[in-house]
1. Can you list the residues, at least 5 places off or on another chain, whose amide H is less than 5 Å from the amide H of ALA199, using H built in the peptide plane?
2. Run lengths n ≥ 4 of DSSP H only: what is the helix-derived mean residue ellipticity at 222 nm for the chain, with -39500 (n - 2.57) per run over all residues, to the nearest 500?
3. With charges only on Cβ, +1 for K and R and -1 for D and E, what is the dipole size of the chain about its Cα centre, in debye, rounded to 20?
4. 5 Å is the cut-off here: which amide hydrogens, built 1.01 Å from N in the peptide plane, fall below it relative to GLY255, excluding neighbours closer than 5 in sequence?
5. Applying the Karplus parametrisation 6.51 cos²θ - 1.76 cosθ + 1.60 with θ = phi - 60° to the phi angles of the range 238-246, what ³J(HN,Hα) value in whole Hz is obtained for each residue in order, glycine and proline being reported as x?
6. In the chain, which Cys residues have no partner Cys with a Cβ closer than 4.7 Å?
7. Putting +1 on Lys and Arg Cβ atoms and -1 on Asp and Glu Cβ atoms, find which of PRO44, VAL322, MET1 reaches farthest to the positive end of the dipole of the chain.
8. Can you work out ³J(HN,Hα) from phi for every residue in the range 115-130, in order, using Karplus 6.51 cos²θ - 1.76 cosθ + 1.60 and θ = phi - 60°, giving whole Hz and x for Gly and Pro?
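Nothing in this text is a laboratory measurement; each read-out follows from the coordinates by a stated rule. What you are looking at is a predicted structure, and each value in this text was computed from that prediction instead of being measured. Methodologically, a virtual Cβ is constructed for each residue, glycine included, from the backbone with ideal geometry; neighbour enumeration extends over all protein chains shown.
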Amino acid sequence: MKILSLTAGAGNMYCGSCLHDNSLAAELLRQGHDVTLLPLYTPPRTEEASVSAGRVFFGGISVYMAERFPLFRRLPRALNRVLDAPKLISAFAGHGVETDPRLLGRLTVSLLRGESGHHGHEIRKLAGWLRAQPLPDVVTLPYTLLIALAEPLRRELDRPVTCSLQGEEFFLEGLQEPWKSEALALIRAQVGSVDAFVAVSRYCAGFMSRYLGIPDFKIHVVPLGIRLAGHGPRPPREDGEYRIGFLGRVAPEKGLHLLAEAYRLLRAKEGLPRTRLVAAGYLPPEHRGYLEEVRRTMDDGFEYLGELDRESKIAFLKSLDVFSMPCTYDEPKGLPVIEAMANGVPVVQPRRGSFPEMLAECGGGLLVEPDSAEALAAALAQLATDRDLAASLGRQGFHAVHRGRGIDLEAASTVEVYRSLHAARPT
């Protein structure tokens, strides 16, 4: 199939969705499909070689300036091309991209107004470029925050448009009023312009159907997969240390503070091995104080490793005895949990969001009461003392992920959705 896939770059920020968009496009290419991965806002940051097109639409500089200054909505094309140069955008993004949803309400609503908003010229620019390209069989949007592109693209290309559902509700819920209500109303009003939605989990499908008023028949569930190369059984360690790991965005909603509290409770228990908590992941500038507060409550058994490249991330996961990302919200994806299990590491996760279905499918860990450091500490202590149980859960998760959560299977299932839409088109 010929697939036009839009992805929204997040500047210098480590964005799991951006990484996954690139991995999925790379796998589709490997399977013989013709994929154009077209970045919006900024060039995407990736763990592997980027397969995205060498240009950017809705360039982050242009969009920001056009929202603030009307003059930038009428710039000559030559100047627009300068502002949309990937190297210039990357340099600008390297100084920090504002991603706090409390401050982005006005821009979000403007983009959701599509052709009638402040960025209609960007839609026309994209449509003009597409007219000179071979027609795709299907167009994919990365999330509903870009749903205003669905109708213009369907009209321009006369091809089905799909949209991923992968956790944008957290951003939307963080918007201040009146922007939150306006954004939700605009998305709900444009659901009919999308031919199919692809949800990353059953939990995500059910929630987004209710949240955005998407008919159930329009939603297809395609579980997330990962590139399995490099992931494998963790080697035995002889140092006697019990290593608890966290991998994810260092922000309150991901629950590092909760894991730190559980760690402190665990350290107070007698009869347990020497324990260490090691965290890694992207630290947004606005949450540096949050990490420092976590540090202040910890002893010398805590370590933050910062951001990790793919090779270092896998090595980090292989060094762990147990993994936890105890999110304080209903996480629809949980890619780090899948990655931990891919290396035979047992996990402890809250009973919320996509985690119950993930562990029902894969085994691989224990579920605990959400938002409870005591319940989390009890499960971590159980795995520290019952090494047979920990090893059994690790094996279950490892085999389940390597059997059913590879990016190759996700790509094949995604193409099935695209083919069904393409086949249903009138001839």
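1. Residues meeting the criterion, in which the H sits 1.01 Å from N, are LEU165, HIS220, VAL221, VAL222.
2. Details: 18 runs with 189 residues, N = 427.
Here the helix-only value at 222 nm equals -13000 deg cm²/dmol.
3. 1180
4. Distant-sequence amide H within range of GLY255: THR328.
5. So the Karplus estimates, Gly and Pro as x, are 10, 7, x, 8, 9, 9, 9, x, 10 Hz.
6. CYS163, CYS204, CYS327, CYS362
7. MET1
8. Each residue of the range 115-130 in turn: 5, 8, x, 6, 10, x, 5, 5, 5, 5, 5, 4, 4, x, 5, 5 Hz.
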